[in-house]
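The values are calculated or read from the model by the stated rules, or taken from the named source; none is laboratory data. Keep in mind it's a predicted model, so treat the numbers as computed, not measured. Here the Cβ positions follow ideal geometry from the backbone for every residue, glycine too, while neighbour counts run over all protein chains shown.
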Amino acid sequence: MFMKKIYLVLFLLLLSLPLFAQPALPGGMQTLADNILAVFKSDFLKAILGIFLCGSAVAYAFNKDNEKVKRNCIAIGIATGILAVATQVIAAVWGAASS
């Protein structure tokens, strides 16, 4: 009974071998990933991030006494910074992976 299980596992591994020979991303997925990367690296996204950061700074300047608004503005500023850094990380990783 135990040998049958071992044979079944080996048979299934043998059947899955052609799957491992395929490229990591099919052609359609590759172009989709390139399009998503282009959006992250675009000037449009950088402008939107700049607008968010400036709007957050203005809201923070007018509402320094309101703790709830202050907390939200700081969170927006941190999220904008993380997204700006993430675009650079994505571009570096994607560039290293494609070469």
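Figure legend. Inter-residue proximity from segment 75-95: first residues at pLDDT below 80, second residues of a type in the set (A, V, I, L, M, F, W, C), beta-carbon distance below 6 Å, spacing 6+ or different chains. Indicated pairs: 84/49; 87/40; 90/40; 94/37.
Taken across segment 23-30, residues that are at pLDDT below 75, in a helix (DSSP H, G or I), among the polar types (S, T, N, Q) and under 18 Å from the mean Cα position of the chain (by Cα) do occur, with at least one present.
Within segment 31-45, the set of residues being free of Cβ contacts under 8 Å to residues at least 12 places away in the same chain and either part of a helix (DSSP H, G or I) or in contact with a helix residue (DSSP H, G or I) (Cβ under 6 Å, 6 or more places away or on another chain) (or both) comprises 31, 32, 34, 35, 36, 38, 39, 43, 44. The set of residues in segment 53-68 being of a type in the set (A, V, I, L, M) and farther than 20 Å from residue 82 by Cα consists of 61 alone.
Residue 9 fulfils the conditions (1) touching a helix residue (DSSP H, G or I) at 6+ places or on another chain (Cβ under 8 Å); (2) at pLDDT 75 or above; (3) part of a helix (DSSP H, G or I) except for a single criterion, (1).
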